[in-house]
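The values are calculated or read from the model by the stated rules, or taken from the named source; none is laboratory data. Being a predicted model, the structure only gives us computed values, none of them experimental. Note that we place each Cβ from the backbone using ideal geometry, even for glycine, and neighbour counts take in every protein chain shown.
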Amino acid sequence: MTKNQVLIFDTTLRDGEQSPGATMTHEEKLEIAGLLDEMGVDIIEAGFPIASEGDFAAVSEIARQAQSAQICGLARANYKDIDRCWEAVKHARNPRIHTFIGTSELHRAIPNLTMDEMAERIHDTVTHARNLCENVQWSPMDATRTEEDYLCRVVEIAIKAGATTINIPDTVGYTAPAESATLIRMLINKVPGADEIIFATHCHNDLGMATANSLAAVEGGARQIECTINGLGERAGNTALEEVVMALKVRHDIMPYATGIDTTKIMNISRRVAAVSGFNVQFNKAIVGKNAFAHESGIHQDGMLKNAETFEIMRPADVGLAGTSLPLGKHSGRAALRAKMSELGFDLSDNQLKDVFVRFKDLADRKKEVFDDDLIALMGASEPADEAIKLKSMRVVCGTEGPQEASMTLEVNGTEHTTTETGDGPVDAAFNAVKALVNHEARLQLYQVSAVTEGTDAQATVSVRLEEDGKISTGQSADTDTVVASVRAYIGALNRLIARRDTAEPGYDTKGVSYKDVS
Ligand code: KIV
Ligand code: ZN
């Protein structure tokens, strides 16, 4: 590794997935891990193996499948977590154990450890991890609010115990750029042995400064950035991978650091993460937002036509955005669909193409022109064949004379059931029909509709988030019929909740990890 190489550590599948409602299925996690590996991410934090059987299985399989990325699992500062983590990551060509403990005064109070007791715990657990694995990352959680002397002391202990990477988390998104750089610089200057390990930066975006803080940490000497695709993560999210990587590329003149990321893969993975997590990317999000490269104003368009550099600091192709192309229609064949999908970053197998082609034809029958965004929405809305609940048919009566009424047939565990229910509007009536056919206590937390393209025949993308017993899941669907898309999204979220009902190990759940149990 050269002096100016910055490692990219992606935690979409751990810190990102920890975001309430962002749960991904096993297959989705494998797919995202494959895309991260392909795009050149150096380290993939694949999950929190002790959290559930599902997390353990996903981390183990990702470890087996990874081609070049190091595969990392998270573990709290106790032997049981670390052993479980090792069991999952050990299958990787290059495994890493990441163990952490909250070191600030507020976090020390949770396990009720004195400074000395915590220091001893850090020594013991890092030593234990290092006896299992050569590649150990240690994090003092809430580092940016930890007393400086104590931070230096525990970092030194972790280095002496064998940690090869020290990550400095800004857990609550509290720091600011100058402070972020100074903190890393101070640790490098003061802590014995600091020159033999890599410092990482892990920022949250509560004050909107995660990207700036991460880049500043690099200026201070950090050589690993921890980040997620689309900035996915709890609360305001984590540092967005696409932002730090593109900032380092575009402003190489003032930040002369290199990453190994193939930036042309950014758009595709951004879309896939949005689709599988159910967290849409805001339109004006830097790099990957729908409007990031759109120039609406006349002055901008005129300038762009004369010379793209007048208003563009990077080319759309640099992040994998194909130029505008002609829409498909109902006469387009399989070859045209395959070519278009590949242009959009989806390399479909023959079976996938078969399935997408059927849905594309169905859409093209209802919609004259099928645009790129329609196809992307179509991919995001695909339903696994083995779902417990499937929509067979529905019909809704709506209009000025209420109450609105929905008749619906669902297949539930292989058996068809039909009902007719009323509601306050067509969506409410349809959701009441689902509730009548599938007994559940889940509460609706979010219902969001957006148009994929323009025009009255545009598809609507609907996101539905449900909560049951503290577990949250999201479903997403797209259709030219908003009520159908709503029902499919609702059923998608319900299927995910059902799949998760029995998977968490008692006492552990990634969505509400208890930091108390560190023994
Ligand atoms: O934000 C944080 O402190 C974390 C740690 C577990 C590294 O995600
Ligand atoms: Zn975090």
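Name every residue in region 1-31 that is assigned to a loop (DSSP other than H, G, I, E, B) and within 16 Å of ligand 1 (Cβ to nearest atom), in order of residue number. Spell out how you get there, then give the answer.
Our first condition is that a residue be assigned to a loop (DSSP other than H, G, I, E, B); within region 1-31, this holds for 1-4, 6, 11, 17-25.
Within region 1-31, T11, E17, Q18, S19, P20, A22 meet the criteria.
Among the candidates M209, M186, single out the residue that is within 16 Å of ligand 2 (Cβ to nearest atom), aliphatic (A, V, I, L, M) and modelled with pLDDT of 95 or more. Break it down into steps so the answer makes sense when it comes.
Values: M186 fails: within 16 Å of ligand 2 (Cβ to nearest atom).
Of M209, M186, the one residue that is within 16 Å of ligand 2 (Cβ to nearest atom), aliphatic (A, V, I, L, M) and modelled with pLDDT of 95 or more is M209.
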Just one listed residue, out of A77, A51, A22, is among the small types (G, A, S) and more than 15 Å from ligand 2 (Cβ to nearest atom), and it is A77
Any residue at all in region 118-137 that is touching a helix residue (DSSP H, G or I) at 6+ places or on another chain (Cβ under 8 Å) and within 16 Å of ligand 2 (Cβ to nearest atom)? no
Which one of these does T419 not meet: (1) among the polar types (S, T, N, Q); (2) without any contact (Cβ under 8 Å) to a residue 12 or more places away in the chain; (3) surrounded by 13 or more Cβ atoms within 10 Å (Cβ to Cβ)? (2)
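Test of understanding: among A119, A129, which residue is away from ligand 1 (no atom under 16 Å from the Cβ), among the aliphatic types (A, V, I, L, M) and farther than 17 Å from T171 by Cα?
A119
Listed here are the residues, each with its yes/no results for (1) hydroxyl-bearing (S, T, Y); (2) at pLDDT below 90.
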residue: D428; (1), (2): no, no
residue: A451; (1), (2): no, yes
residue: T456; (1), (2): yes, yes
residue: V464; (1), (2): no, no
residue: Q476; (1), (2): no, yes
For a quick check of your reading of the model, give me the residue pairs whose first member lies in region 9-23 and is under 17 Å from D37 (Cα atoms), whose second is within 13 Å of ligand 2 (Cβ to nearest atom) and part of a loop (DSSP other than H, G, I, E, B), with beta-carbon atoms closer than 7 Å and at least 6 apart or on different chains. T12/L232; R14/F48; G16/L232; G16/G233
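Might you let me know whether region 407-418 holds any residue that is part of a helix (DSSP H, G or I) and at pLDDT 85 or above?
If we filter region 407-418 for residues that are part of a helix (DSSP H, G or I), which is where we start, we get none.
No.
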Unmet criterion (only one of (1) within 16 Å of ligand 1 (Cβ to nearest atom); (2) surrounded by fewer than 16 Cβ atoms within 10 Å (Cβ to Cβ); (3) not charged (D, E, K, R)) for H204: (2)
Please enumerate the residues belonging to region 221-236 that are buried (at least 24 other Cβ atoms within 10 Å of the Cβ) and within 11 Å of ligand 1 (Cβ to nearest atom). E226, T228, G233
Just to verify a result, which residue in region 50-106, among those that are in contact with a Phe, Trp or Tyr (Cβ under 9 Å, 6 or more places away or on another chain) and β-branched (V, I, T), is farthest from W138 (Cα to Cα)? V59
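For region 235-246: of the residues being of a type outside the set (A, V, I, L, M) and within 15 Å of ligand 2 (Cβ to nearest atom), which is farthest from G21 (Cα to Cα)? Break it down into steps so the answer makes sense when it comes.
Here is the first cut: in region 235-246, the ones of a type outside the set (A, V, I, L, M) are 235, 237-239, 242-243.
If we keep only those that are within 15 Å of ligand 2 (Cβ to nearest atom) as well, we get 235, 237-239.
Working: R235: 11, G237: 13, N238: 16, T239: 19 Å.
Result: T239.
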With the checklist (1) in contact with a Ser or Thr (Cβ under 8 Å, 6 or more places away or on another chain); (2) over 19 Å from L232 (Cβ atoms); (3) surrounded by fewer than 24 Cβ atoms within 10 Å (Cβ to Cβ) in hand, flag the one item Q65 doesn't pass. (1)
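Quick one: in region 296-343, of everything that is in a loop (DSSP other than H, G, I, E, B), out of contact with any strand residue (DSSP E or B) (no Cβ under 9 Å at 6 or more places or on another chain) and among the small types (G, A, S), which residue is modelled with the highest pLDDT? Show your work before the answer.
Let us first name the residues in region 296-343 that are in a loop (DSSP other than H, G, I, E, B), namely 296-297, 307, 311-315, 320-327, 329-333.
Adding the requirement that they be out of contact with any strand residue (DSSP E or B) (no Cβ under 9 Å at 6 or more places or on another chain) leaves 296-297, 307, 311-315, 320-326, 331, 333.
Narrowing the set further to residues that are among the small types (G, A, S) leaves 297, 320, 322-323, 325, 333.
Values: S297: 58, G320: 93, A322: 74, G323: 66, S325: 64, G333: 90.
Among those that are in a loop (DSSP other than H, G, I, E, B), out of contact with any strand residue (DSSP E or B) (no Cβ under 9 Å at 6 or more places or on another chain) and among the small types (G, A, S), it is G320.
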Can you give me the number of residues within region 140-186 that are out of contact with any helix residue (DSSP H, G or I) (no Cβ under 9 Å at 6 or more places or on another chain) and touching a residue at least 12 places away in the same chain (Cβ under 8 Å)? 1
What's the total number of residues in region 344-397 that are at pLDDT 85 or above, part of a helix (DSSP H, G or I), under 27 Å from the mean Cα position of the chain (by Cα) and among the aliphatic types (A, V, I, L, M)? 3
Could you grab me the full set of residues in region 217-234 that are within 10 Å of ligand 2 (Cβ to nearest atom) and either at pLDDT below 95 or among the basic types (K, R) (or both)? E234
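Any residue at all in region 58-70 that is of a type in the set (V, I, T) and not assigned by TED's automatic domain parsing to the domain that holds G16? Spell out the reasoning first.
Looking only at region 58-70, we keep the residues that are of a type in the set (V, I, T), and these are 59, 62.
With the extra rule that they be not assigned by TED's automatic domain parsing to the domain that holds G16, the set shrinks to none.
Checked against the condition, which is being of a type in the set (V, I, T) and not assigned by TED's automatic domain parsing to the domain that holds G16, region 58-70 yields no hits at all.
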Could you give me the residue pairs with C-beta distances under 6 Å whose first residue belongs to region 190-203 and is farther than 17 Å from T12 by Cβ, whose second residue is within 16 Å of ligand 2 (Cβ to nearest atom) and assigned to a strand (DSSP E or B) wherever it lies, and which are 6+ apart or on separate chains? I197/I166; I198/T165; I198/Q224; F199/I166
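Could you list, in sequence order, all residues of region 138-155 that are more than 16 Å from ligand 2 (Cβ to nearest atom) and among the basic types (K, R)? Quick ask: steps written out before the conclusion?
Going residue by residue through region 138-155, those that are more than 16 Å from ligand 2 (Cβ to nearest atom) are 147-155.
Within region 138-155, just R153 meets the criteria.
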Tell me which residues, restricted to region 308-352, are loosely packed, with under 13 Cβ neighbours inside 10 Å and of a type in the set (V, I, T). I313, T324
Just the residues that are away from ligand 1 (no atom under 14 Å from the Cβ) and of a type in the set (G, A, S), please, taken from region 207-216. G208, A212, A216
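Could you please let me know if L74 is within 30 Å of M186 (Cα to Cα) and in a loop (DSSP other than H, G, I, E, B)? Reasoning before the result, please.
On the way: within 30 Å of M186 (Cα to Cα): yes; in a loop (DSSP other than H, G, I, E, B): no.
No; evaluated as a whole, the condition is false for this residue.
Give the residue that is farthest from D481 (Cα to Cα), with candidates limited to residues of region 422-449 that are of a type in the set (V, I, T) and free of Cβ contacts under 8 Å to residues at least 40 places away in the same chain. Steps first, answer last, please.
Here is the first cut: in region 422-449, the residues of a type in the set (V, I, T) are 422, 427, 434, 438, 449.
Narrowing further to those that are free of Cβ contacts under 8 Å to residues at least 40 places away in the same chain: 422, 449.
Working: T422: 19, V449: 11 Å.
Result: T422.
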